[in-house]
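Here's the structure we're looking at; comments come further down.
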Amino acid sequence: MPVDPRTPVLVAAGQVNQRDDAASISPIELMAAAAREGAAARMLEAVDSIRVVNVLSWRYRDPGLMLGELIGAHDAATRYSGVGGNVPQSLVNQACLDIQRRRADVVLIAGAESWRTRMRLRAAGEKPDWPRQDDAVPLAEAADSVPMSGRAEERIQLILPVHVYPMFEQALRVAAG
């Protein structure tokens, strides 16, 4: 049976950990380094959609735009997620659907945090010298959000992780005997 040519395929992955206390690498620079670690420049230049997981350690209006410039994907459409533990997987799911539906061909999903670096600099009385985007940069399109709860959960106020995760753990215990 032939494989549908629009079947999404993961072709690269990259991860960078910055643990050097002397360095001050921005979240965008970490994303670019991870992308370069995972894929050749030719592939990165072919990226037509960049989706970024919400960054807590620095304010960006459209981090995908900056990332696209750094990796050579100058015309990529961009999306920026909200906050939530399900966001990375939701971005993968939506990317697969967009590829199947011919809305994208090569999607880069990226995320990075430099919180430890930012706190270290703050403790030293310094501020990060990281790239900024002023209000002239339009906000990125919001990534499709996935509801964290449904009507039934909301009705009984089963909406916080502290309420939900114990149920998962108890189900695992029961399943394990």
For Thr78, which sequence-distant residues (separation of 5 or more, or a different chain) have an amide H within less than 5 Å of its own amide H, given hydrogens modelled in the peptide plane?
Ile50, Glu141
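For the range 31-152, just say rounded, prolate or oblate: build the C-alpha gyration tensor, square-root its eigenvalues into a ≥ b ≥ c, call rounded for a/c under 1.5, and beyond that prolate if a/b exceeds b/c, oblate if not.
On the way: a/c = 1.88, a/b = 1.23, b/c = 1.53.
It is oblate, given that a/c is not under 1.5 and a/b is not larger than b/c.
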Per its Cα gyration tensor (rounded if a/c is under 1.5, else prolate when a/b beats b/c, else oblate), the range 1-90 is best filed as prolate
What relative contact order, as a whole-number percentage, does the range 4-73 give when Cα pairs under 8 Å and 6 or more residues apart are counted?
35 percent
Dipole magnitude of the range 1-130, debye to nearest 20 (Cβ charges: Lys/Arg +1, Asp/Glu -1, about Cα centre)
360 debye
For the range 115-177, accessible area per residue (1.4 Å probe, heavy atoms of protein chains only), Å²:
87 Å²
Relative contact order (%) - the range 68-177, alpha-carbon pairs under 8 angstrom, separation at least six:
34 percent
Carbon and sulfur %, accessible surface of the range 30-160 computed with the full protein complex present, 1.4 Å
52 percent
Excluding Val83 itself, what net charge comes from residues whose Cβ is under 14 Å from its Cβ, given Lys and Arg +1 and Asp and Glu -1?
0
Once every DSSP H run of n ≥ 4 in the chain is given -39500 (n - 2.57) and the sum is divided by its residues, what mean residue ellipticity at 222 nm do you get, rounded to the nearest 500 deg cm²/dmol?
-11500 deg cm²/dmol
Residue-ordered couplings for the range 130-142, obtained by feeding phi - 60° into the Karplus form 6.51 cos²θ - 1.76 cosθ + 1.60 and rounding to whole Hz (Gly and Pro as x), are 9, x, 10, 10, 8, 5, 6, 7, x, 5, 5, 4, 6
Neighbourhood charge, 14 Å Cβ-Cβ cut-off, centred on Arg101 and excluding it, Lys, Arg +1 and Asp, Glu -1:
-2
Radius 14 Å from Cβ of Arg36, net charge of other residues (Lys, Arg +1; Asp, Glu -1):
-3
Would you work out which of Ser24, Gly84, Pro2 lies farthest towards the positive end of the dipole of the chain, given +1 charges on the beta-carbon of Lys and Arg and -1 on that of Asp and Glu, about the Cα centre?
Gly84
In the range 59-137, GluC sites (Glu not before Pro) in a DSSP loop with at most 11 other beta-carbon atoms within 10 Å:
Glu126
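The values are calculated or read from the model by the stated rules, or taken from the named source; none is laboratory data. Predicted, not measured: the structure shown is a model, and the values here were computed from it. Ideal geometry is used to build each Cβ from the backbone, glycine not excepted, and the neighbour counts take in all protein chains shown. The protein model used for the area step is the full one, side chains on, heavy atoms only, and it has no ligands, DNA or RNA in it. Shrake-Rupley method; radii C 1.70, N 1.55, O 1.52, S 1.80 Å.
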